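Enquirer: I'd like to ask you about the structure that follows.
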Amino acid sequence: MAAEDETSAWRTFVFGDEDLPDPDYPIDHVPRDERKGLVSISAVLLGFVFFAGTLWSGAEVGAAMGFGPMLTATAVGYAILGVYVAALCGIAAKAGLTTVLLARYSFGRWGAKFADLLLGGTQVGWFGVTIPMVAIPTATFFGLDSPTFTLALIVIWGVLHLATAYVGYEGMEKLSMVAVPILVVVGLLSVYIAVGDAGGIDGLFAGGSGGMGFAAAVTIVVGTFISGGTQAPNWARFASSTRVGFWAGLVAFLVGNGFLFLSGAVGGAVYNVTPAGDLYEVLAAQGLAAIGLVALVLNIWTTNDNAAYAFGVAGSEAFEFDRKRPFVLAGGTVGILLALAGAESLLIPWLSTLGQYVPPLGGVIIADFLLCWRLRIPHMDDVEFAGVRWIGVFAYLVGIVVAALTAGQVAPGVAAPQVLPGPGGAALNGLVAAFVVHTAAYYLLEGTGVLAGHEVTPDAERF
């Protein structure tokens, strides 16, 4: 009897209560009575976008082009990024579906498996490369930065990052409701101190090497989180309406990301720290190291649990299994092992990979749901999905080829200055190419009957 009880407890831990549905509906539409309001969705998405890499980018761009021009480039770049993510969030809220389930409509039942591998697999890697970003400073802060203690902290922080993803949306919501206000207050405090140390606003505007043009700065601003933004439907699908999903995405990726980018630019302009603009190092330079560590912990945690959640729902779609927890635990274990193996050195190459291969997928999904389905989205139960929807696959392949050919360029044939390592304009170029090709292919091929698409029941329920 004791052995049976232990087995039952273990199954419940791995799968959840099997007599109840997974509260996060990983392979189904989120029911209307489970939807959330603007504050809840915005909090979770803001927690997701508050990532240290955005601070570094802000510092580097501000130093390269000067504070005044940087503000204009930031406004334009985040307007582009915000509209892109907001469109995806509105689509997700309309249908109540994750990114990988939306991909089933755009790429077919088997074509979507590649999206699972891309979006889930890359997030496992993201989880691994970012855990040391909090474990190493924690060890340094307590003066115990021996290899053994650092490795122990990697495991501890990795497990904690998994915990809120394991609980699901409710766990991430509670963490974000606490973390986001703290991060905003700490960011404002740091900016206020930095402006004073710079000698006022005039001191900030006095710098800048002029080593970066406006177009290059905009592409870097967009590229900071465009791959992450493609995952935003995983949480926006809980929005109570299309409008709530759209505005939550816009608030997080325009206002939230813009605020973080600006904070990095201010910190980088005033303090000589490495990495430039790093919130923890800046606050330490301001005599607020303890506050900086708390901010760093919350900053990484609210991003990394979203990564764990993303590979959890991707695994559910890949295996068409109605529980995300086994995939959260399995992917998290792989991510922790990567972190223990020293994966933090791969952060910049990983960001470049994400920027090249993920945004074209978002471009196909937006084109498909806005211009092809025209937001008249049938319920999955009313669709006989094609094995592979070839126009989506073709458009995506064109997108990644364009992204690969324009890596390190502002636009095709226009080189970006190498102030920052990364994909240059590849993310935006690939996205636009995929969007255009998918739309054209739909009306030229599927719309004319040359290629077959999905079979939809004539009286299908539509969202």
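Enquirer: Out of (1) part of a helix (DSSP H, G or I); (2) under 15 Å from V49 (Cβ atoms); (3) modelled with pLDDT of 85 or more, the odd one out for A265 is which?
Expert: (2)
Enquirer: If we scan segment 332-343, do we find a residue that is under 17 Å from V100 (Cβ atoms) and modelled with pLDDT of 95 or more?
Expert: Here is the first cut: in segment 332-343, the ones under 17 Å from V100 (Cβ atoms) are none.
Looking for residues that are under 17 Å from V100 (Cβ atoms) and modelled with pLDDT of 95 or more, one finds none in segment 332-343, hence no.
Enquirer: Related question: Assuming T353 fulfils every condition listed in (1) at negative phi; (2) buried (at least 22 other Cβ atoms within 10 Å of the Cβ); (3) at pLDDT below 95 apart from one, which condition is it?
Expert: Among (1) at negative phi; (2) buried (at least 22 other Cβ atoms within 10 Å of the Cβ); (3) at pLDDT below 95, T353 violates only (2).
Enquirer: Could you say which residue among A284, A269, A248 is free of Cβ contacts under 8 Å to residues at least 12 places away in the same chain and either on the phi > 0 side of the Ramachandran plot or not polar (S, T, N, Q) (or both)?
Expert: Only one candidate passes the filter, namely A284.
Enquirer: Moving to a separate point now. Given A86, A79, A64, which one is surrounded by fewer than 24 Cβ atoms within 10 Å (Cβ to Cβ) and under 14 Å from the mean Cα position of the chain (by Cα)?
Expert: Going through A86, A79, A64 in turn, the sole match is A86.
Enquirer: Just checking, does segment 355-367 include any residue being under 21 Å from the mean Cα position of the chain (by Cα) and more than 30 Å from G90 (Cβ to Cβ)?
Expert: no
Enquirer: Mind telling me which of the residues V282, V273 ends up being assigned to a loop (DSSP other than H, G, I, E, B), in contact with a helix residue (DSSP H, G or I) (Cβ under 6 Å, 6 or more places away or on another chain) and farther than 25 Å from S42 by Cβ? Don't jump to the end; show me each part of the working.
Expert: Working: V282 fails: assigned to a loop (DSSP other than H, G, I, E, B).
One residue alone meets the criteria, V273.
Enquirer: Out of (1) closer than 17 Å to W56 by Cα; (2) touching a residue at least 60 places away in the same chain (Cβ under 8 Å); (3) surrounded by fewer than 21 Cβ atoms within 10 Å (Cβ to Cβ); (4) among the hydroxyl-bearing types (S, T, Y), the odd one out for S240 is which?
Expert: Status for S240: all satisfied but (1).
Enquirer: Please work out which residue is nearest to L260 (Cα to Cα), limiting yourself to segment 162-181 and to residues that are touching a helix residue (DSSP H, G or I) at 6+ places or on another chain (Cβ under 6 Å) and among the aliphatic types (A, V, I, L, M).
Expert: V180
Enquirer: So, one more: Looking at S146, S106 in this structure, which one is more than 15 Å from Q231 (Cα to Cα), touching a residue at least 12 places away in the same chain (Cβ under 8 Å) and among the hydroxyl-bearing types (S, T, Y)?
Expert: After applying the criteria, what remains is S106.
The values are calculated or read from the model by the stated rules, or taken from the named source; none is laboratory data. This is a predicted model, so every value here is computed, not measured. Ideal geometry is used to build each Cβ from the backbone, glycine not excepted, and the neighbour counts take in all protein chains shown.
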